[in-house]
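One structure below.
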C-alpha cells in the first residue's frame with residue numbers, strides 16, 4: 001500500500017525546514033486522537049467510461065496530535081490523512097492536513113506550517129474560500145481540503161481582525177483515476193497542467209483578509225494574489241487547462257436577524273484568460289425546538305451565479321439551491337440534510353441527501369446520496385450523468 | 001417632582017425585607033442581591049462532565065470546558081469547548097450575552113475549520129441532547145426576567161426565599177420559573193421550570209456547594225430532571241478557577257478557533 005506520491009514527497013521536503021521549538025518549564029497539555037472509517041460507495045448505473053466499477057470499498061485513517069505549552073501561548077498541531085480505495089488508484093492517497101506551530105501574544109497570532117483556513121457563509125458553494133486546494137477525489141461536496149503551507153499572521157483590533165498569508169508552495173490537486181467514478185472522459189493529470197508562473201508550484205501566493213462584526217452583521221473582505229486553486233479553462237477549440245495567476249477579491253456578509261440568517265458571497269477574479277465574477281446569496285430560516293420536542297427544522301435557499309458560464313469548472317452558473325436541514329438534538333446527534341440544485345436555464349438537477357448519527361460513545365454512521373437528474377449536455381456535470389451514488393460510512397473514534 | 005424622585009430613591013435603597021414593598025419589588029430586590037453577592041469573580045474556568053440518562057436508565061457522557069468573563073455594563077462573555085464524544089471534539093461556541101437584546105453567538109466546526117454565526121433565537125432548544133436548554137446555561141442577567149416574591153420556605157432544612165421569575169423574551173420556552181434562594185447567602189438551591197402551557201416541565205437541583213475566594217458559591221453538581229419525559233441530566237463541575245487573568249482578548253473568533261484546536 002503506497003500512500004506517498006511525488007507531491008507528498010515534495011511537501012515533506014518543504015516542511016523539513018521546520019522551526020525547532022523549545023519546551024517551556026511547565027507541563028504541556030497534549031492530546032492524541034484518531035479515527036478510522038470504512039466506506040462503501042455504490043453507483044446505481046454502470047459507468048460511461050471503461051474501467052469504472054459500481055462498488056468501491058475503501059478505508060481511511062485520520063490520526064491527530066496536539067500539544068500546547070506556555071499557558072497555551074505556544075502550540076503544535078499535526079493531523080494526517082490516508083485513504084486506500086479498492087479500485088481508484090488516485091483516490092488511494094495521503095495528505096498532511098495540518099502540521100503547524102503557533103504562537104499567541106495578546107491579540108496577535110503567528111502560525112507557520114501546513115494549515116487549513118475557511119472563509120465564507122453560504123452552504124451550497126464556497127466561492128470566497130480560496131486558501132486551500134480542494135481534495136477533489138476525497139469528497140463530492142468539495143469540503144475536504146489539502147493542507148496549505150503558509151505563514152499566517154493574525155491580529156485582532158477594535159476595528160476588526162486582520163489576517164495575512166504568505167503561501168510559498170502550491171498544492172496540485174488529484175483528479176479521479178481511470179477506474180474512478182465522477183470523472184471526465186479524458187483523464188486529467190494535474191501534473192500535466194501548465195502553470196502561468198515560471199516558478200510553477202513555488203510562486204509565492206499572498207492573501208489578506210479583514211473581518212469584523214457590527215450588531216447583526218458579520219463581514220469579511222479578502223484579496224488573494226497567486227496561482228488559482230482551480231485550473232481555468234482556456235477558450236479555444238480543444239479543452240485546455242491552466243493554473244493561471246489570478247487576483248481575486250471577495251466579500252462575505254451575513255446578517256443574523258432572529259431566526260433568519262441572510263448570506264452573501266461575491267468574488268471578482270481577474271486573470272490572463274478571462275475575468276469573471278461569481279455570486280452566492282441566500283438565507284437559512286430555522287424553526288427551533290419544534291413543538292417542544294427538540295427538533296430544529298432549517299429551510300435553506302441560495303442562488304448561485306458564475307459569469308464564466310460554460311467555461312466554469314463547475315455547473316453553478318445560474319442555479320438555485322433549496323434544502324431542508326433537520327437536527328434532532330438527541331443523545332446521538334442525529335442530523336439530516338436534503339437538498340437540490342436546479343439549473344435555471346438548462347433544467348439539470350442534482351439531488352442530495354446526507355444523514356448521520358452516533359452509536360454509543362465512539363461510533364458514527366453517515367449516509368450520503370447524490371442523484372443526477374435531466375443533466376443537460378451543455379453542463380460540466382454531463383460527464384457524470386450516470387454517476388448517481390449512495391455512500392455509507394462507519395467510523396470509529398479513538 | 002424632585003421630592004417624588006427622592007422618595008423613590010430612598011425606598012429602593014432600604015434593605016429589601018422592608019414593609020410596604022410589593023411582591024414584585026421584593027422579588028427583584030432578591031434577584032439583584034443574588035447578582036450583587038456574586039459580583040467580582042472577574043473570570044472563571046471550569047471543566048464539566050455532562051451525564052445524560054434516558055427514561056430506561058441508559059447513560060451517555062460528554063466532557064466540556066467553559067471559560068467566562070464577567071462584565072458589568074453588558075452581559076458576560078463565554079467560551080465552551082466539547083472534548084467528548086470524540087466525533088464532536090473541538091466543536092466550540094462563543095457567546096456574548098446581552099442584558100436586553102439577543103445574544104451574539106458563534107459556532108466553530110473543527111472538521112472544516114469553519115466559524116459560523118448562529119441564531120441565538122433558539123434558546124428553548126436542548127443543549128447537546130441534554131435536558132438543559134440553551135437559556136438554562138446562558139448568563140443569568142437580572143434584566144432577563146421580571147420577578148415576584150412568593151413566600152419564605154424551608155427546603156430540606158435550608159431557609160429559602162421563593163421567587164417566581166417570568167422570562168422577558170417571548171422566545172423563552174417557559175412561562176415562569178420558581179426559584180428557591182438560600183436566605184443566608186442568596187445562592188440558588190432549586191428551580192422549577194413551567195412550560196409554555198404552564199405545566200411543570202423540569203426541576204433543577206443544585207448540590208455540593210463550595211465557596212471560592214471566600215465569596216463565590218458554586219454548586220459542584222446540578223441535576224436537571226424532566227418530569228414530562230423521565231429523562232435526566234447531571235452536570236458535574238471540576239477544577240474551578242477564578243480571576244484567571246483572561247480578558248476580552250480570550251473571547252474573540254480567533255480564540256474560538258484556537259479553543260477548537
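Relative contact order for the range A:169-307: what is it in percent, counting Cα pairs under 8 Å that are at least 6 residues apart?
In percent, rounded to a whole number, it is 15.
On C-alpha positions alone, give me the angle between the axis of helix B:23-37 and the longest principal axis of chain B, in degrees, nearest 10.
The answer is roughly 50 degrees.
Please tell me the relative contact order of chain A in percent, rounded to the nearest whole number, where contacts are Cα pairs under 8 Å and at least six residues apart.
12 percent
For the range B:23-259, state what percent of all Cα-Cα pairs lands in each successive 5 Å bin, counting from 0 Å until the bin that includes the largest distance.
1, 6, 13, 17, 21, 20, 13, 6, 2, 1, 0
List A:223, B:72 from most exposed to least, where exposure is judged by having the fewest other Cβ atoms within 10 Å.
B:72, A:223
Expressed in nm², what is the orientationally averaged projection area of the convex hull enclosing the Cα positions of the range B:191-261?
7.6 nm²
When the Cα atoms of the range A:34-397 are enclosed in a convex hull and the volume is divided per residue, what value in Å³ results?
Value for the range A:34-397: 152 Å³ per residue.
Counting only other chains, and only Cβ atoms inside 10 Å, what mean value do you get across the residues of A:60-68?
1
Given the C-alpha centroids of the range A:209-246 and the range B:27-49, what is the distance between them in whole angstrom?
The distance from the Cα centre of the range A:209-246 to that of the range B:27-49 comes to 48 Å.
Expressed as a whole number of Å, what is the distance separating the alpha-carbon centroids of the range B:173-220 and the range B:97-163?
Their Cα centres are 12 Å away from one another.
Can you pull the mean other chain C-beta count within 10 Å for peptide B:105-118?
Mean shielding by partner chains, rounded to a whole number: 5.
If you fit an axis through the alpha-carbon atoms of helix B:2-13 and take the longest principal axis of the Cα set of chain B, what angle between them do you get, 0 to 90°, nearest 10?
Helix B:2-13 and the main axis of chain B meet at about 60 degrees.
Tell me what chain B gives for mean residue ellipticity at 222 nm when only DSSP H runs of n ≥ 4 count, each as -39,500 (n - 2.57), the sum divided by the residue total, rounded to 500 deg cm²/dmol.
-4000 deg cm²/dmol
What percent do you get for the relative contact order of the range A:271-311 when only Cα pairs under 8 Å and 6+ apart count?
Relative contact order for the range A:271-311 comes out at 45 percent.
Please find, in a Gaussian network model of chain A (springs between Cα atoms separated by less than 10 Å), the residue of A:288, A:215, A:177 whose mean-square fluctuation is greatest.
Maximum among the listed residues: A:215.
Taking neighbour Cβ counts within 10 Å as the exposure measure, how do A:199, A:78, A:103, A:150 sort from fewest upward?
A:199, A:103, A:78, A:150
Once you compute Rg and the Kirkwood Rh from C-alpha atoms, what is the Rg to Rh ratio for the protein assembly as shown?
Answer for the protein assembly as shown: 1.01.
Quick check on the exposure proxy: order B:61, A:235 from fewest to most C-beta atoms within 10 angstrom.
A:235, B:61
Sort out for me the Cα centre separation of the range A:125-139 from the range A:329-343, rounded to whole Å.
Value for the Cα centre distance between the two parts: 21 Å.
Beyond 17 Å, what share of the Cα-Cα pairs of the range A:164-211 is found? Please give it as a whole percent.
52 percent
Quote the Stokes-Einstein diffusion coefficient, in whole µm² s⁻¹, for the range A:292-393, based on the Kirkwood radius over alpha carbon pairs, a temperature of 4 °C and a viscosity of 1.567 mPa s.
It comes out at roughly 85 µm²/s.
Ignore the peptide's own chain and count Cβ atoms of other chains within 10 Å of each Cβ in B:248-261; give me the average, rounded.
Mean shielding count: 4.
Taking N as the number of residues in the range A:33-76, what value does Rg over Cα atoms divided by 2.2 N^0.38 Å take?
2.14
For the range A:96-255, just the Cα atoms, rotate onto the principal axes and tell me the three extents in Å, largest first.
The Cα atoms of the range A:96-255 stretch 52, 32, 28 Å along the principal axes, largest first.
Once you compute Rg and the Kirkwood Rh from C-alpha atoms, what is the Rg to Rh ratio for the range A:229-310?
Using Cα coordinates only, the ratio equals 1.20.
So what is log10(I(q)/I(0)) for the range A:166-287 at q = 0.16, 0.17, 0.20 1/Å, when the Debye sum runs over its Cα atoms only?
For the requested q values the scattering log ratios are -0.91, -0.97, -1.10.
How large is the helix-only mean residue ellipticity at 222 nm for chain A, computed as the sum of -39500 (n - 2.57) over DSSP H runs with n ≥ 4, divided by its residue count, in deg cm²/dmol to the nearest 500?
-500 deg cm²/dmol
Read the figures in this text as sums done on the coordinates, not as results from a lab. Fair warning: this is a prediction, and the values are worked out from it, not measured in the lab. Neighbour counts run over all protein chains shown; Cβ positions are idealised from the backbone, glycine included.
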